[in-house]
Amino acid sequence: MPYFGGWPPNEWNTMRPDSAIDRSEGTWAAYAQNHLKIMKRIYVITGLRYTKPARFDPRLDYSISGSFILPWSETRLKSSLGTGYKVPSLYQRYSTFERYDRLTPYYLRPEKTLSWDAGVEQPLWKDRVVLEVNYYSIAYRNMIYYDTILDSWGRYYNINAITRGVECIATLKPVEGLSLSGHYTYTQSNNKTFHSGEMIRRPKHRAGFSINYAFLSRGNVNLGFTYCGRQKDYWKYPYTSYMSPWFKFDLAVSWWIIEQLQAFFRAENFTNENYEEVRGYRMPRASFYGGLKAVF
């Protein structure tokens with residue numbers, strides 16, 4: 001919840017936008033992971049991470065994921081569960097714009113998450129077709145969020161939120177060297193602290209496909225398509241509105257001239273679409289890259 005008490009210690013004070021940020025601090029962490037495989041049918045991965053930030057409480061996080069392959073159909077059942085911990089960045093803590101008539105500077109707390117997912121993956125036609133469906137959920141406690149609810153100029157603050165959704169993936173390999181894949185993701189998000197419904201910059205619908213063709217043991221061509229449905233974003237503070245959906249095409253081509261030398265060419269957004277992922281920050285129009293890569 002927001003902090004409306006007295007002035008926090010000086011190290012937490014926000015800085016004016018024309019002030020330089022000259023701050024530093026460190027984080028110490030240790031991580032352990034274990035892989036378990038049983039009869040090539042059961043896979044379990046467990047992990048622990050201990051994090052000790054300089055100015056925040058230490059935290060022990062865990063993760064566990066596993067899958068089981070059914071012997072009669074090769075169906076893979078999989079799931080994972082884990083926690084996360086993220087401390088506010090120096091920019092989030094010290095670069096917030098300050099106004100004379102605003103509320104006291106806000107003390108940001110570390111972000112904590114509890115996430116889980118479950119899904120099923122089914123190969124068909126001797127693995128030439130793979131279908132996959134996953135459900136996921138992420139619960140945020142003290143999520144570090146930027147909005148204009150507390151201040152019409154906007155600020156970072158902590159909220160409780162939840163996002164959940166379904167992801168569908170399909171892959172087809174009809175002939176040697178050719179791979180077709182497509183994906184679709186439906187996401188619901190909810191700001192539980194202020195009951196403001198759908199959160200900004202989290203589109204409900206995202207989709208795409210890619211076509212990859214490897215030929216003559218030397219060349220590769222990849223065509224990608226990305227679609228993003230409409231999403232909320234700021235319009236005029238403190239108001240929000242929906243941005244229009246957008247899509248783009250990308251192309252990548254490579255060829256091994258000799259075993260150690262590869263020529264490559266990449267075209268991003270080659271249909272020259274005019275779109276924004278964040279309102280007011282236009283993404284590049286058609287961009288082209290090419291060169292040589294040597295491997296020794």
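Every number in this text was worked out from the coordinates using simple rules, so none of it is lab data. None of the values given here were measured: they were computed from a predicted structure. Here the Cβ positions follow ideal geometry from the backbone for every residue, glycine too, while neighbour counts run over all protein chains shown.
Here are some notes:
- Long-range amide H partners of SER95 with built H, under 5 Å: MET15
- Normalising by residue count, the range 29-68 has a Cα convex hull of 40 Å³ per residue.
- Under Karplus coefficients 6.51, -1.76 and 1.60, residue-wise ³J(HN,Hα) of the range 43-48 in Hz, glycine/proline x: 10, 9, 10, 10, x, 10
- Residue-wise HN-Hα coupling along the range 120-130, computed from phi with Karplus coefficients 6.51, -1.76, 1.60 (Hz; x: Gly, Pro): 9, 10, 10, x, 9, 6, 6, 6, 6, 10, 10
- Taking every Cα-Cα distance in the range 206-296 and sorting them into 5 Å bins from zero, the calculated P(r) comes out as 3, 12, 17, 17, 14, 11, 9, 7, 4, 3, 2, 0 percent.
- Note on the range 143-296: the C-alpha convex hull projects to 12.0 nm² when averaged across all orientations.
- Cross-link check: pairs LYS112/LYS192; LYS86/LYS232; LYS126/LYS204; LYS86/LYS192; LYS192/LYS232; LYS86/LYS204 evaluated at a Cα-Cα cut-off of 22 Å; pairs beyond the cut-off: LYS86/LYS232; LYS126/LYS204; LYS86/LYS204.
- In order along the range 207-219, phi translates into HN-Hα couplings of 8, x, 8, 9, 10, 10, 10, 9, 9, 6, 6, 10, x Hz, rounded to whole numbers, per the Karplus curve 6.51 cos²θ - 1.76 cosθ + 1.60 with θ = phi - 60° and x for Gly and Pro.
- Anisotropy class of the range 206-245 from Cα gyration tensor, a/c 1.5 cut: prolate
- If only the Cβ of Lys and Arg carry +1 and only the Cβ of Asp and Glu carry -1, the dipole of the chain around its Cα centre is close to 340 debye.
- THR75 long-range amide H proximity, modeled H, under 5 Å: LEU70
- Look at GLU273, GLU111 and count the other Cβ atoms within 10 Å of each Cβ; fewest to most, that gives GLU273, GLU111.
- Fully extended contour minus Cα-Cα distance, from ASN212 to PHE288, at 0.36 nm per residue: 25.5 nm
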